[in-house]
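Please read the structure below before turning to the comments.
The values are calculated or read from the model by the stated rules, or taken from the named source; none is laboratory data. What you see is a predicted model; the values in this text were computed from it and never measured. Positions of Cβ are generated from backbone atoms using ideal geometry, with glycine treated the same way; all protein chains shown enter the neighbour counts. The accessibility values were calculated without ligands, DNA or RNA, using every heavy atom of the protein model including side chains. Shrake-Rupley method; radii C 1.70, N 1.55, O 1.52, S 1.80 Å.
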Amino acid sequence: MGVSTAPEGPTRHAVEAGVLRYLSVSQLRKFALCERAWFFAKVLRLPERPLKARDLGTAVHAQLEHYLRTGEDVLGPLAAAGKHLLPAPGPDLLVEEHFGQPSPLFADGIPLTGYIDLVNPRRLAEGVLRVTDHKTTKSIASYAATPEQLASAAHDSGIQMVGYGYWAVLAAERFPGLKRLELEHLYFQTHGAKLTRSVVATVSVEHVRDEWHTHVEPLARRMRDVVRATSPSQVKPTWSACQKYGGCSFQAQCLNSQSQGSKPMALMDRILKPQTPPTQPAASAPVTASTPPVHAQAAPELELAAVLPPDAPKSNPALASIPAPETPAQAASNEAPRRKRRTKAEMEAARAGEPTRPAEASLSLYVDCVPNCPAEPLAGYVGRMVAKIEQECGVVDIRVAPNDSPLAYGKWKGVLAATIRAELPEPGTYAALGVAGSELMQVAVEVLEPLCGTGHFVRGVR
C-alpha cells in the first residue's frame, strides 16, 4: 500500500506556510488524478471520510506484512487466496521498507518519503529486483492496471511504481548490479470470488529514470504553484475523477467553491462574444413595416447557465434558455396564453394515475458541468439510495451481488431506478459529476432527467 509518513523533526505537514516541504507517491497520484482534491487534502487539510474498503485493505496489508516478516500464517481468507503468489517468508525480504532518512528520492528538489510493501532481492545476482505493492479491489477484471500502465509515470498507477523503482536505482549501494526492475501489483479481490492476480512490468534502470524526469518532475513543479493558491476556485478540478476510488470526499466543498469563485472570464468571453446582439442598429438600415422598432435600451446581459469542466474537450456548453419577459403591450396583444406542453414523463404518469411534480418544484440537474449557483452533489443522494438497497438485500455492493440475489446479472439497475422513483431527491439544484465513469450515476441521471422542468436539465457537451 506504501503508506507515507511525515519526515522526522519539526516538519509534520506536507505543506506549511505555503511551501511544499515533502512529497509521497500517494500525494503525486492524488494530484495527478485531481489537483483540487489534493489541495483540499494537503493544503487546506480537510479530513477525508472513512471508507470501509480502505479499512479492509489496511487489515489485509497488516496480515501480509506479519506473514512475510515472521512466517506465521495469520492470513485471513482474502489474503490466503494469494499465498501461492507470495515469496517464501525470510529475513532477506524487505517488508514495509521505508525510503530512509534522508530519502535518496527527490522530485524538483522536494524529498519523497514513504514505505514500500515488499522489495524482493532474491534475483539480484541476475541483476533483477522485484518491487511489489499489495492492492485490494472490488473487481480485478474491472480495476487492475496493465503492465504498460505500471511502467508509465503518465498513468497514476505508474507514478507509484516508477517512483518505487527509481528509489531502488538511487539506493545503488543497497542493490549492487541492478539492471532490471520488476514492478508488481499483487491484487486481492474483496467482492465475489476470492481471486488474486499478479501484474508485472519489467523495465530497465534507464526507463524508470527517464519516466521520472519526463513526467514526475514537471508534476512536482506544478504542485509548487498550486500550494500558493488562496482559494480552491483557483485550482483546476478533474470532474471525471469524482467517482473514482470510492468517490471524492470533497465534492460538496468543490461545488461550493466553484459557484462562489470568480467566473472564468476568458471562457465566458469566448462563448458570449458571438452571441451578444448589437446595442444599436446600423445608421443606414431603413425602418420598414416588417422591421420591429428598436427601443432605446441596452441589450439584456446574457447569463452563462453552466460552465464546462476545464478537462472537457473544447465545445459550447449546453445553455438553459431563459425567455425574455413580455412587455405589457405584448401581454395585452395575446388573446390567450399558450398551454404549456407536458413532458413525456408527465403524460405517462397521468395515464398511470401517478402524481407528478409541478415544474416549479422540479429538480435542476447539471450533468458533467458546473452551475453558477450553489448546488448539492448528486452523488450523496445516490449513495444513500444504494446504501438502502444494500442493507435491505444484505449485500456489500449492489453491482457485484451473488448469483442468487435479486440484484444479480445487472438487475440492480432496475432496482436502483425503482428506488429513486419511489424516493425522489428534495427539489433543488444538483450537480452530477463523473457520470461517464459511474454506472450508478448513469442510472440516476436517466431516471431523474424526465423529472426536471424545462430548462432545468443541463448536460456538458463533449
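Of Lys236/Lys388; Lys42/Lys388; Lys244/Lys388; Lys244/Lys413, which ones are farther than 29 Å apart at the Cα? Checking Cα-Cα distances, Lys236/Lys388; Lys42/Lys388 exceed 29 Å. Please say if the range 212-253 is rounded, prolate or oblate, where rounded means a/c under 1.5 for a ≥ b ≥ c the square roots of the C-alpha gyration tensor eigenvalues, and otherwise the choice is prolate for a/b larger than b/c and oblate otherwise? It comes out oblate by the Cα gyration axes. Computed extension gain for Ala125 through Ala408, at 0.36 nm per residue and net of the alpha carbon distance, reaches 96.9 nm.
Of the heavy-atom accessible surface of the range 401-462 (probe 1.4 angstrom), what whole percent is carbon and sulfur? Ligands and nucleic acids excluded, carbon and sulfur reach 53 percent. Going by a ≥ b ≥ c, the root eigenvalues of the Cα gyration tensor, does the range 129-189 fall in the rounded group (a/c under 1.5), the prolate group (a/b larger than b/c) or the oblate group? Verdict is prolate for the range 129-189. Distance between the pseudo-spin-label points of His213 and Asp73 (7 Å out from Cα toward the beta carbon): 4.9 nm. Solvent-accessible surface of the range 47-142, taken per residue with a 1.4 Å probe and all protein chains present: 47 Å². Neighbours of Arg122, meaning other residues whose beta-carbon lies under 12 angstrom from its beta-carbon, give a summed charge of -1 when Lys and Arg score +1 and Asp and Glu score -1.
How large, in percent, is the carbon and sulfur part of the accessible surface of the range 73-176 at a probe radius of 1.4 Å? Ligands and nucleic acids excluded, carbon and sulfur give 56 percent.
FRET efficiency for the pair Lys179 and Ala81, taken as 1/(1 + (r/R0)^6) with r the Cβ-Cβ distance and R0 = 35 Å, rounds to 0.60. When only Cα pairs below 8 angstrom with a gap of at least 6 residues are kept, the range 39-189 shows a relative contact order of 20 percent. Once both labels are positioned 7 Å from their Cα atoms along Cα-to-Cβ, the gap between Ala422 and Ser139 label points is 2.5 nm.
A 1.4 Å probe run over the range 399-443, with the rest of the protein chains in place, finds 50 Å² accessible per residue.
An oblate overall shape is assigned to the range 414-462, the ratio a/c of its alpha-carbon gyration tensor axes (a ≥ b ≥ c) being 1.5 or greater and a/b not exceeding b/c. Backbone phi angles across the range 153-170, fed through the Karplus curve with coefficients 6.51, -1.76 and 1.60 (θ = phi - 60°), yield HN-Hα couplings of 6, 7, 9, 5, 5, x, 4, 5, 6, 4, x, 4, x, 5, 4, 5, 4, 6 Hz in residue order; Gly and Pro are listed as x.
Computed from backbone phi, the HN-Hα couplings of the range 441-456 come to 5, 4, 4, 4, 5, 4, 6, 7, 4, x, 8, 7, x, 4, x, 10 Hz, rounded to whole numbers (Karplus: 6.51 cos²θ - 1.76 cosθ + 1.60, θ = phi - 60°; Gly and Pro given as x).
Between Asp92 and His13, the simple spin-label model (points 7 angstrom out along Cα→Cβ) gives 4.6 nm.
Sequence-ordered 3J(HN,Hα) estimates for the range 72-80 from the Karplus curve with 6.51, -1.76 and 1.60 and θ = phi - 60° stand at 6, 7, 10, 6, x, x, 5, 5, 5 Hz, glycine and proline given as x. Distances between placed amide hydrogens fall under 5 Å for Thr454 paired with no residue 5 or more residues away or on another chain.
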